[in-house]
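The values are calculated or read from the model by the stated rules, or taken from the named source; none is laboratory data. Computed from a predicted structure; not experimentally measured. All Cβ positions, even for glycine, are placed from backbone atoms using ideal geometry, and neighbour counts span all protein chains on display.
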Amino acid sequence: MLFYFFAILQSSFLVHFNLFGAVLNLVFIFFFLNVFFAPKKIGYEIILYAVVAGIFSDIFSYAFFGLSSVLLVIIAYFSKKMQTSLKEKHDKYPFIHFLPLFSAWFVVYELLMMMYFRFADSSHTAIIFNLGFLFEILYNAIAASLGFYIFKWQKFIK
């Protein structure tokens, strides 16, 4: 239900509040937070998060339906594999692991979507690496960091 809410909020309200052309990708942020805070083993939960987030991402974009789901399943699988290889003694979910993983997978997701649009749509003529792209990464990383502490606080009080 929250994926649907975030998809609606992202595509209808937040597009009017972009900063230097960057819009928050709340669906990806919420997806990654759920994957990061899921139990260490790769289970059906992360596949479900990826498919649901992908469906709502695809509904509100003009990409091939199912593309986001496939990309997010791959990201969830490899992210969880990487996360299980990182060891931390005191904290199960350290921020020092979250932020680089989030940023790297966000960039991979955005680049793969840009590549798809580049080859599938003739109006997209280039993959764009500019200051706006860097700002989009930073903008989403800041919002994801806030979400990280909200998720961590929620897990702490349970």
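Residues of the stretch 36-59 that are more than 15 Å from the chain's Cα centre (by Cα) and either part of a loop (DSSP other than H, G, I, E, B) or closer than 20 Å to residue 110 by Cβ (or both): 39, 40, 41, 42, 43, 59. Does residue 61 satisfy the condition of being in contact with a Gly (Cβ under 8 Å, 6 or more places away or on another chain), closer than 27 Å to residue 1 by Cβ and of a type in the set (Ser, Thr, Tyr)? No; evaluated as a whole, the condition is false for this residue.
If you check residue 20 against the conditions, is it in contact with a Leu (Cβ under 8 Å, 6 or more places away or on another chain) and not basic (Lys, Arg)?
Numbers: in contact with a Leu (Cβ under 8 Å, 6 or more places away or on another chain): yes; not basic (Lys, Arg): yes.
In short, yes.
Condition (residue is modelled with pLDDT under 70, under 20 Å from the mean Cα position of the chain (by Cα) and either hydrophobic (A, V, I, L, M, F, W, C) or not in a helix (DSSP H, G or I) (or both)) applied to the stretch 94-105: is it met by at least one residue? Checking the stretch 94-105: not a single residue is modelled with pLDDT under 70, under 20 Å from the mean Cα position of the chain (by Cα) and either hydrophobic (A, V, I, L, M, F, W, C) or not in a helix (DSSP H, G or I) (or both).
Considering only residues of the stretch 106-131 that are of a type in the set (A, V, I, L, M) and at pLDDT 70 or above, which is farthest from residue 150 (Cα to Cα)?
Here is the first cut: in the stretch 106-131, the residues of a type in the set (A, V, I, L, M) are 107-108, 111-115, 120, 126-128, 131.
If we keep only those that are at pLDDT 70 or above as well, we get 107-108, 111-115, 131.
On the way: 107: 23, 108: 25, 111: 28, 112: 29, 113: 28, 114: 30, 115: 33, 131: 29 Å.
Once the filter is applied, the top-ranked residue is 115.
Within the stretch 36-75, restricting attention to residues that are at pLDDT below 75 and among the hydrophobic types (A, V, I, L, M, F, W, C), the residue that is surrounded by the fewest Cβ atoms within 10 Å (Cβ to Cβ) is 64.
Picking from 78, 31, 13, 5, which residue would you name as being in a helix (DSSP H, G or I), under 13 Å from the mean Cα position of the chain (by Cα) and either at pLDDT 80 or above or acidic (Asp, Glu) (or both)?
Details: 78 fails: under 13 Å from the mean Cα position of the chain (by Cα); 13 fails: under 13 Å from the mean Cα position of the chain (by Cα); 5 fails: under 13 Å from the mean Cα position of the chain (by Cα).
Result of the check over 78, 31, 13, 5: 31.
I'd like the full set of residues that are part of a helix (DSSP H, G or I) and surrounded by fewer than 16 Cβ atoms within 10 Å (Cβ to Cβ), limited to the stretch 16-28. Show your work before the answer.
We begin by selecting, within the stretch 16-28, every residue part of a helix (DSSP H, G or I); these are 16-17, 26-28.
Result: 16, 17.
Would you confirm, using the coordinates I've provided, whether residue 100 is without any contact (Cβ under 8 Å) to a residue 60 or more places away in the chain and either farther than 25 Å from residue 114 by Cβ or among the β-branched types (Val, Ile, Thr) (or both)? Talk me through it step by step, then tell me what you get.
Working: without any contact (Cβ under 8 Å) to a residue 60 or more places away in the chain: yes; either farther than 25 Å from residue 114 by Cβ or among the β-branched types (Val, Ile, Thr) (or both): no.
Against the criterion (without any contact (Cβ under 8 Å) to a residue 60 or more places away in the chain and either farther than 25 Å from residue 114 by Cβ or among the β-branched types (Val, Ile, Thr) (or both)), residue 100 does not qualify.
Taking residue 7, is it in contact with a Ser or Thr (Cβ under 9 Å, 6 or more places away or on another chain) and within 18 Å of residue 112 (Cβ to Cβ)? Steps first, answer last, please.
Details: in contact with a Ser or Thr (Cβ under 9 Å, 6 or more places away or on another chain): yes; within 18 Å of residue 112 (Cβ to Cβ): no.
The answer is no for residue 7.
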